[in-house]
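Only the coordinates and a few stated rules stand behind these numbers; no lab work does. Since this is a predicted model, take the numbers as computed values, not measurements. Cβ placement follows ideal geometry from the backbone for every residue including glycine, while neighbour counts extend to all protein chains displayed.
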Amino acid sequence: MKRICHIAAAALAASLLLASCGGEPLLSPIGENSGTESSAADSSTPSAPENLTSSEPESSEETGLESLIGEPIPESDPADASYLDDAIFIGDSLTSGLSLYGVLPEEQVLADTGINPQTILDKACIEQDGVEKTVVEAAASLSPAKIYIMLGANGVAFLNFDDIISWYGELIDELQADHPDAMIYVQSVLPVTRGKELEQENLTNARITELNGMIADMAAEKQVFYLNVSEAIADENGYLPDDLSADGMHFGVSTYNVWIDYLLCHTAEGALQ
């Protein structure tokens, strides 16, 4: 599969900085790459976030952004790393790794290990000011200009796909109601390794691809942007490379940098230039 942005080798040390689509390094992550996120199962929830400051974006009618709805955001020249300063990231343990590895600040990551489309609306898992809140409640206390969501890895093996899309759609509805001016990016569920497919029944890349197609259709229906992040991480056969993951699903800091690099090379504004 064609790589859109730089794919980091598994042997890279955590101190290596990924270059942005032929430009200068984008981020300087903290910590060593252990080769796995340790499933993020024992990670703590993010500390109480402070309000993110943002300028109100122009409406899609004024900017032509509506023309990007319905297809994956195409590659463009990389945005500056500051593009993500007013963004929040919502998801499960894969998203938690963004803050656990120091790639993004804790206050920008609203994620919890094991959360899935069914539980994300009701599970109080984000601590703010000593209070446990749901992801939507925690997001409501912030003022993001951009919201990135990656959801479905927990559930692809055992939840009905129609139900996943229904719950996912409810999440987007609530976020749109609370943040009517925010740009929402829905990200594809990431692939697993070949070994993970053999190890866990129904957790296959074929099912993940099917679910991603339904997620893309839902994004179009909800008028939000869709990002095919999988293409930045998958090998030529569509798998997460075995040497990037110890458990078949989670990965280390170098791959998180690939992820962030991809986002900066696939912005809605950049696609219109």
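Structure summary
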{"item": "Phi-based couplings in Hz for segment 182-187 (Karplus 6.51, -1.76, 1.60; Gly and Pro marked x)", "result": "7, 8, 9, 10, 9, 9"}
{"item": "R0 of 35 Å, Cβ-Cβ distance residue 243-residue 129: FRET efficiency to nearest 0.05", "result": "0.25"}
{"item": "Rounded to 5, percent antiparallel among DSSP beta bridges of segment 78-271", "result": "15 percent"}
{"item": "Residues residue 82 and residue 200, FRET efficiency given R0 of 35 Å [Cβ-Cβ distance, rounded to 0.05]", "result": "0.35"}
{"item": "Long-range amide H partners of residue 128 with built H, under 5 Å", "result": "133"}
{"item": "Cα extents of segment 150-195 along the three principal axes, largest first (Å)", "result": "42, 19, 11"}
{"item": "In order through segment 123-137: 3J(HN,Hα) via Karplus (6.51 cos²θ - 1.76 cosθ + 1.60), integer Hz, x for Gly, Pro", "result": "7, 7, 9, 10, 8, 9, 6, x, 10, 7, 10, 6, 4, 5, 5"}
{"item": "Residue order, fewest to most surrounding Cβ atoms within 10 angstrom, among 96, 82, 230, 141", "result": "82, 141, 230, 96"}
{"item": "Size-normalised alpha-carbon gyration radius of segment 115-273, reference 2.2 N^0.38 Å", "result": "1.06"}
{"item": "Projected area, mean over directions - segment 196-272, Cα convex hull, nm²", "result": "6.1 nm²"}
{"item": "Modelled FRET efficiency - R0 22 Å, residue 173 with residue 71, Cβ distances, 0.05 increments", "result": "0.50"}
